[in-house]
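Participant: What follows is a single structure, and I will ask about it in a moment.
The values are calculated or read from the model by the stated rules, or taken from the named source; none is laboratory data. In this text, all values refer to a predicted model and were calculated from it rather than measured experimentally. With ideal geometry, Cβ positions are generated from the backbone for all residues, glycine too; neighbour counts draw on all protein chains shown.
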Amino acid sequence: MSPRVRAALKLLLGLGLLAGLVWWLVPGGDELRAAFARAELRPGWLGVCLLATFAATLVTSARWRLMAEAMGGNRLPLVAYFHSLALTKILGQVSSAFVMDIVGRGVALRAAGSQRGLGHAITQAVLERVFDLVLPVMLLAWALVAWRGGFTPAEAAGSFAGVCLVFAALAAVCLAPLTRLALRTYAAARALRARLRRVAVDDPELDPPVVDRRLAVQIGVYSLLRYLSAMLLFWSTAAGIGVDFSFFQIAAATPVGQLAGMLGFTPGALGIQEAGWVGGFKWVGADDAAIALFVLSSRLVMTASFAVLVLVSWPLLRRSRAAQA
């Protein structure tokens, strides 16, 4: 089967999953039309969504540059990372997000002047997955405890903040061994896959960077800020289309949606990530019509936000290149 056919089948699978989820939530044309009739565009909240997208992209770009330079990458302006990240977020909607993190980001950075190869990009992509996996898992455990314990809104908000602080503290001692473990696991998985396919392994050497205490704390803080910005992005996206989720609903559903997106194998995790959102919001008792509106609109709203960031950052990147020439 050719790669194009495989990609087309994955896209169809993702669209089928999304359609099936929406039909399950609001079966029949009348209920679906009623759900859309409830939609109410709120420009103020959509503006907050754009600002949250900017904040999430900015801190993720800063973390990316920090790791790249710690791994021996040549120094590039922050706008190069910012533009590359926003662009690959859009392209990742129609392709593999992991491939975009490896190939797309690498190509974009080389166009901006980077001299590092594929191994550098793979190592960073694997490490980012580690940093972006630990906090959602911790917050998913928090949500389970809070849900079973019947926490009040004040208790939920306080304990949520406590988990975030614990993550920042644990980053200082846990990120270094986790990076080494993640790279060894990735290398072993690649070797096993090559053995099963009976092809030679042609991977660059994946040397784990030296993660000292200060670097680990910085990466942990950036990862925490990224997650909180992303949570605000999702919350404001929902509010921007007239869906009012409570703090606990969005805080409990976000780790499920994030983890599902990381596991997705369809283009942009289409259908897979939405299944995570549906499961998360159903678990905490959100309205079915509200969930349907969110899963149908969130991807479009966030893609449009990233498109705005690409358009705004492109002239800044060109000006930066001209200044370096």
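Participant: Got a sec? Which of 253, 239, 230 is at pLDDT 90 or above, small (Gly, Ala, Ser), touching a Ser or Thr at 6+ places or on another chain (Cβ under 9 Å) and in a helix (DSSP H, G or I)? Let's see the steps before the verdict.
Facilitator: Numbers: 253 fails: touching a Ser or Thr at 6+ places or on another chain (Cβ under 9 Å); 239 fails: touching a Ser or Thr at 6+ places or on another chain (Cβ under 9 Å).
The unique qualifying residue is 230.
Participant: Moving to a separate point now. Within region 280-300, count every residue that is more than 12 Å from residue 22 (Cα to Cα) and either over 18 Å from the mean Cα position of the chain (by Cα) or buried (at least 22 other Cβ atoms within 10 Å of the Cβ) (or both).
Facilitator: As a first pass, look at region 280-300 and keep what is more than 12 Å from residue 22 (Cα to Cα): 280-287, 298-300.
From what is left, the residues that are either over 18 Å from the mean Cα position of the chain (by Cα) or buried (at least 22 other Cβ atoms within 10 Å of the Cβ) (or both) are 280-287, 298.
Number satisfying all stated conditions: 9.
Participant: Can you confirm whether residue 301 is closer than 28 Å to residue 144 by Cβ and in a helix (DSSP H, G or I)?
Facilitator: Details: closer than 28 Å to residue 144 by Cβ: no; in a helix (DSSP H, G or I): yes.
Here the answer is no, as residue 301 does not meet what is asked.
Participant: Residues of region 13-65 being within 21 Å of the chain's Cα centre (by Cα) and exposed (fewer than 14 other Cβ atoms within 10 Å of the Cβ), which ones?
Facilitator: Hit for region 13-65 is 47, nothing else.
Participant: How many residues are within 14 Å of the chain's Cα centre (by Cα), β-branched (Val, Ile, Thr) and more than 20 Å from residue 147 (Cα to Cα) when one looks only at region 244-279?
Facilitator: Counting residues in region 244-279 that are within 14 Å of the chain's Cα centre (by Cα), β-branched (Val, Ile, Thr) and more than 20 Å from residue 147 (Cα to Cα) gives 1.
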